[in-house]
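The structure under discussion appears below in the form of structure tokens.
The values are calculated or read from the model by the stated rules, or taken from the named source; none is laboratory data. The structure presented is a predicted model; accordingly, all values stated were derived computationally and were not measured. Methodologically, a virtual Cβ is constructed for each residue, glycine included, from the backbone with ideal geometry; neighbour enumeration extends over all protein chains shown.
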Amino acid sequence: MMVASRKIRLVMELRRAGIADTDVLSAIERIPREAFTPESFRHQAYENMAIPIGQGQTLSQPQVVALMTQALRASRRTKVLEVGTGSGYQAAVLSRLCRRVYTIERFKELLQVAEARFTELRLHNITTRHGDGWKGWREQAPFVRIMVTAGAGGRPGALVDQLAEGGLMVLPVGRTSRDQALLRLTRTADGLVEEHLSDVRFVPLVEGVPDDAVGLTSGFIQRSEGLA
């Protein structure tokens, strides 16, 4: 089956699953998922399944990516923080919807591969950082939208602190992958309002960076005035 036909089939499947935001569906259709998929799994790039990408991490299934993206309610005026770059696919989808995406990854090897993909696809509104996602990106805070793509045991305090009043955070929360819930948190003047969106399974959100790497490094992909 040709890639275009696989994409159409996937988009139809997402529609049936309740993804109604046409901008999100368009972003899913425009970003080549095969470019973020390891060679040995490329023939399954448009299946609605999670795919291993190394370092014990996975590329989330398209339905989860679409659900989280839709729940974030981003727009072209929005500055988004993503915690957990992974393959870079979720950041790429967000880049089609947002003004700017800031994304953090604790595994330097995964981040370098993702950065190469962003450059190849000319996604110029993504800024990357190697570091501890639990700490967020204080220098760029506050964020009106935050997405966490790994399962947290509870609400990450530093990320909540970096969420603007009126802002939304979408994240999976649960002590184990078997009891995770996808939540949307809205920060109000009176505190956080929590909504349960779905039951999910994600790899855990881990504090720190591997091998006790010292400090944080940032990589900036040159910004363009419009979305690529």
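Quick notes on this one:
- Matching residues, the range 193-207, being more than 16 Å from the chain's Cα centre (by Cα), part of a strand (DSSP E or B) and under 13 Å from G154 (Cα atoms): E194
- When residues of the range 1-41 are limited to those that are touching a strand residue (DSSP E or B) at 6+ places or on another chain (Cβ under 9 Å) and surrounded by fewer than 19 Cβ atoms within 10 Å (Cβ to Cβ), the one nearest to F118 (Cα to Cα): P38
- The single condition among (1) surrounded by 18 or more Cβ atoms within 10 Å (Cβ to Cβ); (2) more than 18 Å from L205 (Cα to Cα) that R99 does not satisfy is (1).
- Candidates are the residues of the range 52-62 that are modelled with pLDDT under 95 and under 15 Å from the mean Cα position of the chain (by Cα); the one that is surrounded by the fewest Cβ atoms within 10 Å (Cβ to Cβ) is Q61.
- Sole exception among (1) of a type outside the set (D, E, K, R); (2) touching a residue at least 24 places away in the same chain (Cβ under 8 Å); (3) in a loop (DSSP other than H, G, I, E, B); (4) surrounded by fewer than 18 Cβ atoms within 10 Å (Cβ to Cβ) for A158, by number: (3)
- Exactly one residue out of L67, L25, L10 is part of a helix (DSSP H, G or I) and either in contact with a Ser or Thr (Cβ under 7 Å, 6 or more places away or on another chain) or within 19 Å of L182 (Cα to Cα) (or both): that is L67.
- Selected residue (criterion: nearest to G151 (Cα to Cα)) from residues of the range 177-192 that are in a strand (DSSP E or B) and either over 20 Å from the mean Cα position of the chain (by Cα) or of a type in the set (D, E) (or both): L192
- In the range 129-165, residue farthest from L81 (Cα to Cα) [restricted to those that are in contact with a helix residue (DSSP H, G or I) (Cβ under 7 Å, 6 or more places away or on another chain) and of a type in the set (K, R)]: K135
- Filter result (closer than 24 Å to I31 by Cα and of a type in the set (S, T, N, Q)) within the range 95-146: S95, T103, Q112, T119, N125, T127, T128
- Restricted to the range 42-51, and to residues there that are touching a strand residue (DSSP E or B) at 6+ places or on another chain (Cβ under 9 Å) and crowded, with 20+ Cβ neighbours inside 10 Å, the residue that is nearest to L185 (Cα to Cα) is I51.
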